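The next block holds one structure in the form of structure tokens; read it before the comments.
Values in this text are rule-based calculations from the coordinates and carry no lab data. These figures come from a predicted structure and were not determined experimentally. Glycine also receives a Cβ, built like all others from the backbone with ideal geometry; neighbour counts cover every protein chain displayed.
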Ligand SMILES: O=P(O)(O)OC[C@H]1O[C@](O)(CO)[C@@H](O)[C@@H]1O
């Protein structure tokens, strides 16, 4: 089953989207969401296309989301860069430790942007962003984002745009620390790679038919996100730019040379 999409306007989005996406005239689209199916509600897949920086922001974990009365899921997310203009960057974690008071002051005067660790990025760069990591996606990138199905973003700084900030809530959950280098990597141009192994979901990049071992990681329903080439789920073609629900990995057929991401939730206790 191919998931329905929602196009989301964003002040940092683009007037023109890369194929196969199209932007309605006069709208600045920043995100394409694939509506989570009712029988796999834990994960949300988005494409993100930027022309300006996103807010400097942070997300809560499961316990913090629940304590705030915002649902049972926090928001851990990960990004695979699929296109990047020269000089495009992602800001993740801080260069040096920062306490809550200094973080608040830096958010208020905007200097927080310069305290983040900014990474030059290219297609194939992959980042896992645990809840509590202060981050900002930069201008001129295209990203596939796989995240817990939660829409809780606490904005700490928004470059003066007239959107709501969430300083108290954000600083309460933000870690004033560096991003763990083990949580980022450049994935190979060819071949398969296990990208995320919990705690909330598993994510694999696959080329061609599933390699041995992948079936052990994705035992139940999964989301299929083709990046290039011919992929089908239960006999129905799924194109790059689409996302489909598969009942099981055996239903996914991948033609030689095709590349795709597959994602499945980690059930608690699994
Ligand atoms: O508040 P902003 O700047 O629009 O950013 C929100 C977006 O940022 C992300 O958390 C990515 O960092 C998206 O999942 C989310 O939709």
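Find the percent of Cα-Cα distances in segment 193-265 that exceed 21 Å, and round it to a whole number. When every Cα pair of segment 193-265 is considered, 12 percent fall beyond 21 Å. Extension gain, residue 219 to residue 151: 0.36 nm times the residue separation minus the Cα-Cα distance gives 21.8 nm. For segment 193-265, averaging the sequence separation of C-alpha pairs within contact (under 8 Å, six or more residues apart) and dividing by the residue count gives a relative contact order of 41 percent.
Quick check on packing: order 133-146, 13-26, 173-186 by the mean number of other C-beta atoms within 10 Å, highest mean leading. The partial results should precede the final answer.
On the way: 133-146: 22.3, 13-26: 12.6, 173-186: 15.9.
Result, highest mean first: 133-146, 173-186, 13-26.
Based on C-alpha pairs under 8 angstrom that are at least 6 apart in sequence, the chain has a relative contact order of 20 percent.
Between rounded, prolate and oblate, where does segment 94-170 land on the alpha carbon gyration tensor, with a ≥ b ≥ c its root eigenvalues, rounded for a/c under 1.5, else prolate if a/b exceeds b/c?
Cα axes put segment 94-170 in the prolate bin.
The reciprocal of the average 1/r between distinct C-alpha atoms defines the Kirkwood hydrodynamic radius, which for the chain equals 19.0 Å.
Based on the Cα coordinates of segment 50-186, what is the per residue volume of their convex hull in Å³?
Considering the Cα atoms of segment 50-186, their hull volume per residue is 100 Å³.
Cβ-to-Cβ counts within 10 Å put 197, 125 in ascending order as 197, 125, the fewest first.
Relative contact order for segment 50-186: 41 percent, from Cα pairs under 8 Å spaced at least 6 residues apart, divided by residue count. Of 203, 115, 223, the residue with the greatest mean-square motion in the GNM of the chain, using alpha carbon springs below 10 Å, is 115. Seen against the Cα atoms of the chain and their longest principal axis, helix 100-109 is set at about 90 degrees.
With each label modelled as a point 7 angstrom along the Cα→C-beta vector, the residue 185-residue 237 pair spans 3.3 nm. Per-residue ellipticity at 222 nm computed for the chain from its helices equals -2500 deg cm²/dmol, with DSSP H segments shorter than 4 residues left out and the rest contributing -39,500 (n - 2.57).
Extending 7 Å from the Cα toward the beta-carbon at both residue 114 and residue 167 defines two label points whose distance is 1.9 nm.
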